[in-house]
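Since every read-out is calculated from the coordinates, none of them should be taken as a lab result. Predicted, not measured: the structure shown is a model, and the values here were computed from it. Glycine gets a Cβ as well: all are built from the backbone with ideal geometry, and neighbour counts include every protein chain shown.
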Amino acid sequence: MMCEETSLTSKLQKSEPDLVGFTSLCIDVHQVVEGAREVKAFNPAIPVIVGGTQVYLNPAAFMDDAVDVIFQTTTKENLLGYFNEGVAKEGVLIKEDGGWLKNPAKSGTNSANTLEDELGEGGENLRNEALLPDRSSTEKYRKYYSYFGYKPAAIMQISRGCKKQCSFCLRWRIEGCREQELDREMIEEDLRQIKENTIMFYDNDLLGSEERIERVIEIFGGLEKKKNLIAYASVQGIIRHQDRLRELKNTGLKALLVGYESFKDEEMIRYQKNPG
């Protein structure tokens, strides 16, 4: 919808979908709800589901008459449970009789609230599962993808979570405060799908661990055709791993993006800025 001028309704007319799904970041909430209403105006019988990071953080924002199912978390179990068995698994809310049922297969209790009781402190109990994307599904749009002047560009992730837990940041709340390296087989399989010459890593800190750096050098340095690599990094990571930067450059690293929240100690303390 960012690439084409075609309206959503005309797409619906052409494709006649059995179901429509929306994914939402924070800035997309109103557009997603409006999109859901447009689908229902076209055909009230089409089920509308929503998911994404903003849905994880605030599912109540999507409790609209036009939305039928809210995937607060996305895992193989709850996806297969809903689509194959018609049963909502953990982390899924389904609208029935005007109310929202939380895990109806388990309890059948009505809930118009978030799943905070099950998420626990910081959402430790429920997480989105790292699933291998099917990049061919966006083939016709990939020429438009760009990042910092590199076009076309792909994005990928090789680790999850952030142990710093800064007060202003949602990343650790979404992915957890324990950093985890993703399965190497899945990374390599995903890489085989990427045709673009540029890859943007959206890991919280590419230089967060020696293991992560070594993995990048091994996997991406061994490619027959080098990729342009861009990544987020922390000041601490750069200082700790200065000796590896040249190796990363030879691997294809073009840029590291670093966030500076403040130059005042008192503000850094208030932000609970933890060097990790």
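In terms of other Cβ atoms within 10 Å, H30, H241 run from fewest to most in the order H30, H241.
Under 10 Å from the Cβ of P152, count the other residues' Cβ atoms, weight Lys and Arg +1, Asp and Glu -1, and hand me the total. Please list the in-between numbers first.
Working: positive: R142, K143, K151, K195; negative: E196.
Around P152, the surrounding residues sum to +3.
A Gaussian network model of the chain, with springs between Cα atoms under 10 Å, assigns the largest mean-square fluctuation among T73, T23, T53 to T23. Each residue of region 2-15 is assigned a 3J(HN,Hα), and the resulting list reads 7, 9, 10, 8, 5, 6, 4, 4, 5, 5, 5, 4, 6, 8 Hz, derived from the Karplus form 6.51 cos²θ - 1.76 cosθ + 1.60 (θ = phi - 60°), x at Gly and Pro. Here the chain carries DSSP beta bridges of which approximately 40% are antiparallel, counting only pairs with both residues inside.
Cα gyration tensor of region 136-270, axes a ≥ b ≥ c as square roots of the eigenvalues: rounded (a/c below 1.5), prolate (a/b > b/c) or oblate?
Working: a/c = 1.71, a/b = 1.52, b/c = 1.12.
The shape class here is prolate.
Note down the net charge around K249, summing +1 for each Lys or Arg and -1 for each Asp or Glu among other residues with Cβ under 14 Å from its Cβ. Around K249, the charge tally is +3. Helix 29-42: angle to the longest alpha-carbon principal axis of the chain, degrees 0 to 90, nearest 10? With rounding to tens, the tilt is 40 degrees.
What list do you get for D64, D205, D97, D183 if you sort them by fewest beta carbons within 10 Å?
Numbers: D64 17, D205 25, D97 6, D183 12.
The fewest-first ordering by Cβ neighbours comes to D97, D183, D64, D205.
Cβ under 15 Å from Y141's Cβ, Y141 left aside: what net charge do those residues give with Lys, Arg +1 and Asp, Glu -1? Around Y141, the charge tally is +2. Ranked for footprinting exposure by Cβ neighbours inside 10 Å, fewest first, V92, V29 give V29, V92. Approximating the spin labels as points 7 Å out from Cα along Cα→Cβ, the E34-to-I194 distance works out to 3.3 nm. I'd like the orientation of helix 76-85 relative to the chain: the angle between its Cα long axis and the longest Cα principal axis, in ° from 0 to 90, rounded to 10. Approximately 20 degrees, to the nearest ten.
Taken over the chain, the alpha-carbon convex hull comes to 153 cubic angstrom per residue. Among the GluC sites (Glu not before Pro) within region 3-60, those in coil by DSSP and having at most 10 neighbouring Cβ atoms inside 10 Å are E5.
Sorting 260-267, 148-155 by average packing, meaning the other beta carbons within 10 Å per residue, from highest down gives 148-155, 260-267.
If you filter region 210-247 for GluC sites (Glu not before Pro), then keep DSSP loop positions with at most 16 other Cβ within 10 Å, what is left? Please list the in-between numbers first.
Working: sites: E210, E211, E214, E218, E224, E247; in loops: E224.
Those that pass, being in a loop and sparsely packed, are E224.
Seen through its C-alpha gyration tensor, with square-root eigenvalues sorted a ≥ b ≥ c, region 1-70 comes out oblate because a/c lies at 1.5 or above while a/b is not bigger than b/c.
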